[in-house]
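Contents: one structure, followed by commentary.
The values are calculated or read from the model by the stated rules, or taken from the named source; none is laboratory data. Owing to the predicted nature of the structure, the values given are computational and were not obtained by experimental measurement. All Cβ positions, glycine included, derive from the backbone under ideal geometry; neighbour counts span all protein chains shown. Just so you know, the surface numbers come from the protein's heavy atoms only, side chains and all, with ligands and any DNA or RNA stripped out. Shrake-Rupley method; radii C 1.70, N 1.55, O 1.52, S 1.80 Å.
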Amino acid sequence: MKHTIYILVENYAGVLSKVTGLFSRRGFNIESLAVGITTDINVSRITIIADGDEYVAEQIKKQLNKLIPVIEVKILKDYVSRELALVKVNCNTSSRVEIMGIAELMNAKIIDVSTNTITLQITDTSDNIETLVNLLRTYGIKEIVRTGTVAIERTRGK
């Protein structure tokens, strides 16, 4: 089972290394990692997608809370997440219209066009990005670049 974990940390050099080092030492696998500053320039937010059962997730949380630069750790349950991907696809005159149709269907934007390639940008869930990539495979994918997943907890009620 995949777990989405956000970690607020002090924003200084070497903090990310401490966090990822903990995962490495404990044998926890990181499937996705994204880091950025928050509204406070002294605090960064790390979003990690990790695989494991509930026990593993709780162990990750407990171990992270022991690190000095960690301010807060939360395993998200009800959240919204997105990932960004850029996909460069082979295309010729006959396939260009088909690829443009797939882009429109999947809400991807065409951001670069050449005589032999089209580059698409998609910001969506990991599953929808995988769907786009699978649809484009038959045309020949030249290159894919993906960010880590970012997530934010849903606000319910007031």
Quiz item: Which of the residues spanning the range 27-57 are open to solvent by 80 Å² or more (accessible area, probe 1.4 Å), under 15 Å from Ile75 (Cβ atoms) and not in a loop (DSSP other than H, G, I, E, B)?
Solution: Glu31, Glu54, Tyr55
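Return the residues of the range 88-131 that are assigned to a strand (DSSP E or B) and either β-branched (Val, Ile, Thr) or farther than 16 Å from Lys142 by Cα (or both); say none if nothing qualifies.
Going through the range 88-131, the residues assigned to a strand (DSSP E or B) turn out to be 88-90, 109-113, 117-124.
Val89, Lys109, Ile110, Ile111, Val113, Thr117, Ile118, Thr119, Ile122, Thr123, Asp124 - these are the residues of the range 88-131 that are assigned to a strand (DSSP E or B) and either β-branched (Val, Ile, Thr) or farther than 16 Å from Lys142 by Cα (or both).
Among the listed residues Thr155, Thr138, which satisfies the condition of being modelled with pLDDT under 95, open to solvent by 20 Å² or more (accessible area, probe 1.4 Å) and more than 18 Å from the chain's Cα centre (by Cα)? First the steps, then the outcome.
On the way: Thr138 fails: modelled with pLDDT under 95.
After ruling out the rest, the residue left standing is Thr155.
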Self-check item: Filter pass, Glu83 being buried (at least 17 other Cβ atoms within 10 Å of the Cβ), part of a strand (DSSP E or B), charged (D, E, K, R) and in contact (Cβ under 8 Å) with a residue 60 or more places away in the chain
Solution: yes
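Mind checking which residues of the range 108-150 are out of contact with any strand residue (DSSP E or B) (no Cβ under 7 Å at 6 or more places or on another chain) and farther than 29 Å from Val35 by Cα? Give the derivation first.
First, the residues of the range 108-150 that are out of contact with any strand residue (DSSP E or B) (no Cβ under 7 Å at 6 or more places or on another chain): 113-115, 127-128, 130-131, 134-135, 137-138.
Result: Val113, Ser114, Thr115, Leu135, Arg137, Thr138.
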Practice problem: List every residue pair whose Cβ atoms sit under 8 Å apart, with the two residues 6 or more apart in sequence or on different chains, where the first one lies in the range 111-135 and is at pLDDT 95 or above and open to solvent by less than 80 Å² (accessible area, probe 1.4 Å) and the second, anywhere, is of a type in the set (Lys, Arg) and part of a helix (DSSP H, G or I). | Solution: Ile118/Arg96
